[in-house]
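Undergrad: First, the structure itself, so that you have it in front of you.
The values are calculated or read from the model by the stated rules, or taken from the named source; none is laboratory data. Note that the structure is a prediction, hence the values are computed from the model and not measured. Methodologically, a virtual Cβ is constructed for each residue, glycine included, from the backbone with ideal geometry; neighbour enumeration extends over all protein chains shown. The protein model used for the area step is the full one, side chains on, heavy atoms only, and it has no ligands, DNA or RNA in it. Shrake-Rupley method; radii C 1.70, N 1.55, O 1.52, S 1.80 Å.
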Amino acid sequence: MTLSIAAWDRTSGQLGAAIASSSVSVAARCLHWRTGVGIALSQNITDPRLGPRLLALLADGVDADAAIEAVKCSTVHIAYRQLALVDSAGNIGLFTGDAVLGCFASAEGMHCVAAGNLLANDGVPGQMTGAFEQSSGSLGSRLLAALQAGADAGGEAGPLHSAGLLIGGEPSWPLAELRIDWSPDPIAAMHDGWAVYEPQIEDYVLRAYNPVEAPSYGVPGDP
């Protein structure tokens, strides 16, 4: 019950993913990232264990396609799962089982991959990868533009209720991990949250590395 996109940004070297679903709190189960390694999507009757397994294989030197194949061949009930993987050089892996729900589809683009299930139509993932390739700006903005394009193309067959955005860069923690866990319009709410958070990302990184040089917090009581 999901539409999603994962991608690597050549300019920044960042990895990221955006996702939306009619299910509650979709990002908590489906988005997985490991610094310097890759970003993984595990969705449809979700098994959250599969994302970390894919990333562990990448970390051991297995390429993206082979990592997907290894998890596919070693996982019980894999026919119910939909997996996508992007490594730290933009290489892509993808799998959709034949027991995935409803109308399901996937699409590969330049350093990006989109997938969905219970979709309104099978053209949704292609609209997402196309929108990502044609977009500019920060990785987060490009991912949200792609997610919006998927929704505009029909999205999920039912109403969307939750969304997530995950971006990883050089630090060992996510540069952005935004979630809308239940909302009548989660993608719009995510755009609102991103508009607030994006200008502050580098400030939060600097505060971690060197709080002496960091800007003020801009909260009551802060000198």
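Undergrad: So, in segment 113-147, exactly how many residues are part of a loop (DSSP other than H, G, I, E, B), more than 21 Å from Ser22 (Cβ to Cβ) and either aromatic (Phe, Trp, Tyr) or free of Cβ contacts under 8 Å to residues at least 24 places away in the same chain (or both)?
TA: Summing the residues that are part of a loop (DSSP other than H, G, I, E, B), more than 21 Å from Ser22 (Cβ to Cβ) and either aromatic (Phe, Trp, Tyr) or free of Cβ contacts under 8 Å to residues at least 24 places away in the same chain (or both) in segment 113-147 gives 3.
Undergrad: A further question on this structure: Quick check: is even one residue across segment 176-190 crowded, with 18+ Cβ neighbours inside 10 Å, part of a loop (DSSP other than H, G, I, E, B) and not basic (Lys, Arg)?
TA: No, the conditions are met nowhere in segment 176-190.
Undergrad: Within the set of pairs 6 or more residues apart or between chains, which connect a residue that is free of Cβ contacts under 8 Å to residues at least 60 places away in the same chain inside segment 62-78 to a residue that is among the basic types (Lys, Arg) with Cβ atoms less than 6 Å apart?
TA: Qualifying pairs under 6 Å: Val71/Arg53; Ile78/Lys72.
Undergrad: Next question, about the same structure. Which of the numbered conditions does Trp194 fail, given that it passes all the others? Conditions: (1) surrounded by 15 or more Cβ atoms within 10 Å (Cβ to Cβ); (2) of a type in the set (Phe, Trp, Tyr); (3) more than 23 Å from Ser12 (Cα to Cα).
TA: Just one mismatch for Trp194, condition (3).
Undergrad: If Cys112 passes every condition in (1) farther than 29 Å from Gly36 by Cβ; (2) open to solvent by less than 40 Å² (accessible area, probe 1.4 Å) but one, which one does it miss?
TA: So Cys112 meets the others, but not (1).
Undergrad: Regarding segment 130-144, can at least one residue be identified that is within 14 Å of the chain's Cα centre (by Cα) and within 16 Å of Arg81 (Cα to Cα)?
TA: No.
Undergrad: Being free of Cβ contacts under 8 Å to residues at least 12 places away in the same chain and either in contact with a strand residue (DSSP E or B) (Cβ under 9 Å, 6 or more places away or on another chain) or among the hydrophobic types (A, V, I, L, M, F, W, C) (or both), is that true of even one residue in segment 38-53?
TA: Checked against the condition, which is being free of Cβ contacts under 8 Å to residues at least 12 places away in the same chain and either in contact with a strand residue (DSSP E or B) (Cβ under 9 Å, 6 or more places away or on another chain) or among the hydrophobic types (A, V, I, L, M, F, W, C) (or both), segment 38-53 yields at least one hit.
Undergrad: Next question, about the same structure. Select from segment 152-175 the residues that are outside any loop (DSSP other than H, G, I, E, B) and either out of contact with any helix residue (DSSP H, G or I) (no Cβ under 9 Å at 6 or more places or on another chain) or not polar (S, T, N, Q) (or both) and write down the one among them that is most open to solvent (accessible area, probe 1.4 Å).
TA: Applying the filter and picking the extreme gives Asp152.
Undergrad: Moving on. Would it be correct to say that Ala99 is open to solvent by 50 Å² or more (accessible area, probe 1.4 Å), over 30 Å from Pro171 (Cβ atoms) and not β-branched (Val, Ile, Thr)?
TA: So Ala99 fails the test.
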